[in-house]
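Down below is the structure, laid out as structure tokens.
The values are calculated or read from the model by the stated rules, or taken from the named source; none is laboratory data. All values reported here derive from a predicted model rather than from experimental measurement. Ideal geometry is used to build each Cβ from the backbone, glycine not excepted, and the neighbour counts take in all protein chains shown. In case anyone asks, the SASA skips ligands and DNA or RNA and just uses the protein heavy atoms, side chains included. Shrake-Rupley method; radii C 1.70, N 1.55, O 1.52, S 1.80 Å.
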Amino acid sequence: MKEEEVINLSNKFNFNPVEVFPLKLEASGREYWRIINESKETAVLCYLDPKIGDHSNFINISNELKKNNIRGVEIFYHNKEDGVTIQEDLGDKDLISIFNDNNKKELLEMSLELLVDIQESEIANLEEFSKKDLINQMSLFNEVFCQKFLDIKSDDSINDLIEITIDKLYEHPWVNCHFDFERRNLVLKDSNQLIVIDYQDMKRGPIGIDLAGILADHYFEADISNIKRFINFYSTKINSKYSDDECFEFTRWGCIQRNLRILGTLSNLFLVKNRSFRLKDMPLILKNLITMIPNEHSSKIFLEKNIEPLLLETIEQL
């Protein structure tokens, strides 16, 4: 979108901005803009082309979270035909921006407490991931990331990994699954309140996917010993009692599903829409995937020897 379009859409809400600034472009195609009026009041305009989707899930889940006393995003205005919501401006303190060695323990524990609240809430009319959904998401790794992006034939070990992963996911307890519960989607407000954002894709799903999102984040190298320490904290907070080892295995297989899916998704985003802004994240996503795969599984060797060096070379050439 251009600044003039953002101003025109904001004027329909009578916000009348004098300044607008782009904030971020999501893989989903959503655009976020900060809008500022003459009184220096700010809000965030979110635009999604109505031809590719709408904001209905986001609005419905916002209302459901509020009923459960979970702090989500306040929505001031919605126009379905224009593909616009105007939301409160939560500022720039997402956990990616403020995370450091001094606060990481406190922030991750706050994040896990919020995750438990989300998982255990009563959220009406939430769809459930189908087995086909979860398999197709992982299959993007073979079909797009390997074949189209890296121009390499995938290995049978990856197909075996996908089969094992889907079986493991169906052994998980299924809960409310944000589906992208990571540090960039958590905002700290007023120093002590954590707010969740970008939850429009929430469904009922395996418990490990969101655990992986926060504990094996795409922006930090996965450390199994560190993950296990936070798993211990998490397991003391959930109503349904699972051992630390069980919760770690949930996280392991959630991470494998998530990282296979996201490597395929980001490759497709680049190939189809020429969006390169997430390519830099892909080597670490792959590295964390390799870390979380059980040592005895042969896919680990294939990824380390064949895929990892080829990915680094490919990105360097782009």
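Charge tally around Q257: other residues with Cβ under 11 Å, Lys/Arg +1 each, Asp/Glu -1 each, net +3. The loop-placed GluC sites (Glu not before Pro) in the stretch 87-150, going by DSSP, that have at most 15 neighbouring Cβ atoms within 10 Å of their Cβ come out as E120, E122, E127.
Extension gain for the segment L25 to I164, taken as residue separation times 0.36 nm less the Cα-Cα distance, is 46.7 nm to one decimal. Let a ≥ b ≥ c be the square roots of the eigenvalues of the Cα gyration tensor of the stretch 138-180; is it rounded (a/c under 1.5), or, if not, prolate (a/b larger than b/c) or oblate? Because a/c hits 1.5 or more and a/b fails to exceed b/c, the stretch 138-180 counts as oblate. The mean sequence distance of close C-alpha pairs (under 8 Å, at least 6 residues apart), as a share of the length of the stretch 1-59, puts its relative contact order at 24 percent.
Split the accessible area of the stretch 148-293 by element, probe 1.4 Å, and carbon with sulfur accounts for 45%. When you restrict to C-alpha pairs under 8 Å that are six or more residues apart and normalise by the size of the chain, the relative contact order lands at 16 percent.
Remark on I152: its backbone amide H falls under 5 Å from those of Q147, a criterion applied only to residues 5 or more positions apart or on other chains, H modelled at 1.01 Å from N.
Determine, at each q value in 0.12, 0.18, 0.21, 0.27 (inverse angstroms), the log₁₀ of I(q)/I(0) that the Debye formula gives when each Cα of the stretch 123-201 is one equal point scatterer. The Debye formula, applied to the Cα set alone, gives -0.54, -0.92, -1.04, -1.23.
Placing unit charges on each Cβ (+1 for Lys and Arg, -1 for Asp and Glu) gives the stretch 238-318 a dipole about its Cα centre, and among I262, S276, T291 the Cα reaching farthest toward its positive end belongs to S276. Between E246 and R275, the C-beta separation translates, for a Förster distance of 35 Å, into a calculated FRET efficiency of about 0.40. When you filter the trypsin sites (Lys or Arg not before Pro) in the stretch 172-228 for DSSP loop state and at most 10 other Cβ atoms inside 10 Å of their Cβ, nothing is left. Within the stretch 1-150, the ratio Rg/Rh, alpha carbon atoms throughout and Rh by Kirkwood, equals 1.02.
Sequence-ordered 3J(HN,Hα) estimates for the stretch 148-158 from the Karplus curve with 6.51, -1.76 and 1.60 and θ = phi - 60° stand at 8, 7, 9, 6, 9, 6, 5, 9, 4, 5, 6 Hz, glycine and proline given as x. A cut-off of 5 Å between modelled amide H atoms, ignoring neighbours fewer than 5 places along the same chain, links V175 with G205, I207.
Restricting the trypsin sites (Lys or Arg not before Pro) of the stretch 143-172 to loop positions (DSSP other than H, G, I, E, B) with no more than 15 neighbouring Cβ atoms within 10 Å leaves K153.
Using a probe of 1.4 angstrom and keeping all protein chains present, the accessible surface of the chain works out to 48 square angstrom per residue.
Tell me the relative contact order for the stretch 1-141 as a rounded percent, counting alpha carbon contacts under 8 Å between residues six or more apart. Averaging sequence separation for qualifying contacts and normalising by length gives 16 percent for the stretch 1-141. Evaluating 6.51 cos²θ - 1.76 cosθ + 1.60 at θ = phi - 60° for every residue in the stretch 258-273, the Karplus couplings come out as 5, 6, 4, 4, 6, 4, x, 5, 5, 5, 5, 4, 6, 5, 8, 10 Hz, glycine and proline recorded as x. For the chain, taking the reciprocal of the average inverse distance between every pair of different Cα atoms yields a Kirkwood hydrodynamic radius of 20.6 Å. Among rounded, prolate and oblate, which fits the stretch 164-318 when a ≥ b ≥ c are the square roots of the eigenvalues of its C-alpha gyration tensor, a/c under 1.5 means rounded, and a/b larger than b/c means prolate? Note, shape of the stretch 164-318 comes out oblate.
With K and R counted +1 and D and E -1, the other residues having a Cβ less than 15 Å from that of P50 yield a net charge of -2. The candidates L126, L112, L312, arranged from most to least accessible area with a 1.4 Å probe in the full protein assembly, appear as L312, L126, L112. Computed about its Cα centre, the charge dipole of the chain is approximately 80 debye, with only Lys, Arg, Asp and Glu carrying charge at their Cβ. What is the angle, in °, between the Cα long axis of helix 308-317 and the longest principal axis of the Cα atoms in the chain? Nearest 10 is fine, range 0 to 90. It works out to around 40 degrees.
Listed values for the stretch 87-97 are Karplus-derived 3J(HN,Hα) couplings in whole Hz (6.51 cos²θ - 1.76 cosθ + 1.60, θ = phi - 60°), namely 10, 5, 8, 8, x, 10, 8, 6, 5, 4, 6, and x replaces Gly and Pro.
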